[in-house]
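Enquirer: I have a structure I would like to understand better, so I am pasting it below and will then ask my questions one at a time.
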Amino acid sequence: MLVTLAAACLHALWNQLLAHSDAIHLRTAVGMLVGAAAFLPVALIDLRVEPAGWALAGVSVGFELAYFALLATAYASAPLGVVYPVARGSAPVLVLLVSAFFLGRPVAPIGVLGILLVVAGIGLIRGAGATVRLRDLGLALAVGACIAGYTLVDAAGVRHAAPAAYIEVVFAAVALLYTAAVVRVAGVRAVRAVVDRRTAAAGLGIVAAYGLVLVALTLAPAPAVATVRETSVVIVLVLLAVTGTERVTRRQVAGAVTVCAGVACVVLG
């Protein structure tokens with residue numbers, strides 16, 4: 001589980017690097033390019049992608065583009081300590097609900113408990129302070145919906161492609177499209193201005209977190225990996241408290257822990 005815990009730490013870290021930076025959309029786009037380039041050698045080991053895999057990758061690109069755009073927008077106006085736990089915690093719940101209502105998969109009682117815990121945790125975070133606006137929660141939930149969307153699509157996509165190749169196709173396409181969009185809006189000079197260590201570290205953190213999760217899935221059962229991975233909602237608050245970049249309240253911590261417990265119930269159910 002140490003590999004999964006490392007992935008959770010990296011995920012929380014790259015989010016903090018982007019959330020507390022200037023020109024966040026530019027940095028996100030350039031960071032993704034760095035990550036896609038870094039992951040390419042791994043993808044080249046096995047480039048198998050079936051026709052169905054390409055189609056599903058295209059759908060995933062749409063969800064991922066929306067995910068990164070909404071995430072950057074949320075971080076530009078809302079606290080990381082609010083957006084991150086709500087987005088990460090709501091995604092597994094949405095996956096479970098879609099699976100139950102549209103795919104006919106039963107929901108165990110522990111799954112229902114998990115949903116209630118996540119909702120309660122989000123309620124605690126919402127009441128953590130006057131800076132937590134409904135708009136912030138709306139953006140965070142939209143990010144969570146995108147995570148749920150690409151999670152469901154990718155679960156089918158990797159059955160029609162080598163996992164590393166599939167991830168590279170999606171990630172590279174998102175990086176190129178996102179960068180093209182920000183270049184069109186801000187210009188090439190503005191993009192060059194954010195090419196620095198912070199942006200590169202965020203991009204490498206994105207791809208390293210993905211890679212470690214892939215490794216973890218070869219070493220441990222998927223439910224266990226998914227559960228440990230969600231500890232990132234607590235880790236991000238620890239990072240904020242240690243670095244002093246945001247004020248973290250006890251109510252936020254309680255909400256994040258409750259969300260984490262709820263996700264564990266959802267995954268294990």
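Enquirer: Here is a list: Ala6, Ala36, Ala19, Ala12. Which entry is among the small types (Gly, Ala, Ser) and either in contact with a His (Cβ under 9 Å, 6 or more places away or on another chain) or over 26 Å from Val234 (Cα atoms) (or both)?
Expert: Numbers: Ala6 fails: either in contact with a His (Cβ under 9 Å, 6 or more places away or on another chain) or over 26 Å from Val234 (Cα atoms) (or both); Ala19 fails: either in contact with a His (Cβ under 9 Å, 6 or more places away or on another chain) or over 26 Å from Val234 (Cα atoms) (or both); Ala12 fails: either in contact with a His (Cβ under 9 Å, 6 or more places away or on another chain) or over 26 Å from Val234 (Cα atoms) (or both).
From the options Ala6, Ala36, Ala19, Ala12, the qualifying one is Ala36.
Enquirer: Which of the helices (runs of 4 or more DSSP H) contained wholly in region 67-159 include at least 3 residues that are touching a Phe, Trp or Tyr at 6+ places or on another chain (Cβ under 8 Å) and among the hydroxyl-bearing types (Ser, Thr, Tyr)? Give the steps one after another, and end with the answer.
Expert: Values: elements: 80-102, 109-126, 134-157.
Here the list is empty.
Enquirer: Taking the condition basic (Lys, Arg), farther than 23 Å from His160 by Cβ, modelled with pLDDT of 90 or more and not in a loop (DSSP other than H, G, I, E, B), does Arg27 pass?
Expert: Yes: the conditions hold for Arg27.
Enquirer: Taking the stated definitions as given, is Glu50 of a type in the set (D, E, K, R), at pLDDT 90 or above and within 19 Å of Tyr210 (Cβ to Cβ)? Please lay out each step first, then the result.
Expert: On the way: of a type in the set (D, E, K, R): yes; at pLDDT 90 or above: yes; within 19 Å of Tyr210 (Cβ to Cβ): no.
The answer is no for Glu50.
Enquirer: Related question: Please state which of the following conditions Ser60 fails to meet, knowing it meets all the rest: (1) part of a helix (DSSP H, G or I); (2) modelled with pLDDT under 90.
Expert: Single failed check for Ser60: (2).
Enquirer: Going by the structure shown, is Glu246 charged (D, E, K, R) and under 21 Å from Val3 (Cβ atoms)?
Expert: Details: charged (D, E, K, R): yes; under 21 Å from Val3 (Cβ atoms): no.
For Glu246, the condition - charged (D, E, K, R) and under 21 Å from Val3 (Cβ atoms) - is not met.
Enquirer: Okay, next question. Provide a single number: the residues in region 146-157 that are aliphatic (A, V, I, L, M) and buried (at least 18 other Cβ atoms within 10 Å of the Cβ). It would help to see each step written out before you state the result.
Expert: First, the residues of region 146-157 that are aliphatic (A, V, I, L, M): 147-148, 152-153, 155-156.
Next, only the ones that are buried (at least 18 other Cβ atoms within 10 Å of the Cβ) stay: 147-148, 152-153.
Residues meeting the conditions: 4.
Enquirer: So, one more: Looking at Ala208, Ala202, can you tell me which residue is closer than 25 Å to Ala43 by Cβ, touching a Gly at 6+ places or on another chain (Cβ under 7 Å) and touching a residue at least 60 places away in the same chain (Cβ under 8 Å)?
Expert: Numbers: Ala208 fails: touching a Gly at 6+ places or on another chain (Cβ under 7 Å).
Of the residues listed, the single one that is closer than 25 Å to Ala43 by Cβ, touching a Gly at 6+ places or on another chain (Cβ under 7 Å) and touching a residue at least 60 places away in the same chain (Cβ under 8 Å) is Ala202.
Enquirer: While we're looking at this one, here's another question. Of everything in region 235-269, what is surrounded by fewer than 17 Cβ atoms within 10 Å (Cβ to Cβ), of a type in the set (Gly, Ala, Ser) and within 18 Å of Leu137 (Cβ to Cβ)? Give them in sequence order.
Expert: Matches in region 235-269: Ala254 only.
Enquirer: I would also like to ask the following. Considering only region 169-269, give the helices (runs of 4 or more DSSP H) lying wholly within it that have at least 1 residues that are in contact with a His (Cβ under 8 Å, 6 or more places away or on another chain), among the polar types (S, T, N, Q) and within 30 Å of Gly123 (Cβ to Cβ).
Expert: Values: elements: 188-193, 197-219, 222-229, 232-243, 250-268.
Here the list reads 232-243.
Enquirer: Which residues, counting only those in region 2-41, are within 23 Å of Val82 (Cβ to Cβ) and among the aromatic types (Phe, Trp, Tyr)?
Expert: Matches in region 2-41: Trp14 only.
Enquirer: So which pairs qualify, if the first residue must be in region 225-237 and farther than 12 Å from Val248 by Cβ, the second must be in a helix (DSSP H, G or I) and among the charged types (D, E, K, R), the Cβ gap must be under 6 Å, and the two must be at least 6 apart or on different chains?
Expert: Taking only residues 6 or more apart or on different chains, the pairs are Val233/Arg88.
Enquirer: Considering Ala226, Ala216, Ala222, which residue is surrounded by fewer than 19 Cβ atoms within 10 Å (Cβ to Cβ), at pLDDT below 85 and under 18 Å from the mean Cα position of the chain (by Cα)? Please lay out each step first, then the result.
Expert: Working: Ala226 fails: surrounded by fewer than 19 Cβ atoms within 10 Å (Cβ to Cβ); Ala216 fails: surrounded by fewer than 19 Cβ atoms within 10 Å (Cβ to Cβ).
Checking each option against the conditions leaves just Ala222.
Enquirer: Filtering region 54-107 down to residues that are among the polar types (S, T, N, Q) and over 18 Å from Thr231 (Cα atoms), which residue is surrounded by the fewest Cβ atoms within 10 Å (Cβ to Cβ)? Full working, then the answer.
Expert: First, the residues of region 54-107 that are among the polar types (S, T, N, Q): 60, 73, 77, 90, 99.
Checking which are over 18 Å from Thr231 (Cα atoms) leaves us with 60, 73, 77, 99.
Details: Ser60: 26, Thr73: 16, Ser77: 11, Ser99: 17.
If we take residues in region 54-107 being among the polar types (S, T, N, Q) and over 18 Å from Thr231 (Cα atoms), then Ser77 is surrounded by the fewest Cβ atoms within 10 Å (Cβ to Cβ).
Enquirer: Hey, another quick one. Kindly list the number of the only condition in (1) more than 18 Å from Phe171 (Cβ to Cβ); (2) touching a Lys or Arg at 6+ places or on another chain (Cβ under 7 Å) that fails for Ala7.
Expert: (1)
Enquirer: Follow-up. Please determine, by comparing only the residues of region 98-130 that are of a type outside the set (A, V, I, L, M, F, W, C) and within 23 Å of the chain's Cα centre (by Cα), which one is modelled with the lowest pLDDT. Working first, answer last.
Expert: From region 98-130, those of a type outside the set (A, V, I, L, M, F, W, C) are 99, 104-106, 109, 111, 114, 121, 123, 126-127, 129; that's our starting set.
The next check asks that each one be within 23 Å of the chain's Cα centre (by Cα); those that pass are 99, 111, 114, 121, 123, 126.
Details: Ser99: 77, Gly111: 81, Gly114: 84, Gly121: 85, Gly123: 82, Arg126: 69.
Selected residue: Arg126.
The values are calculated or read from the model by the stated rules, or taken from the named source; none is laboratory data. Predicted, not measured: the structure shown is a model, and the values here were computed from it. All Cβ positions, glycine included, derive from the backbone under ideal geometry; neighbour counts span all protein chains shown.
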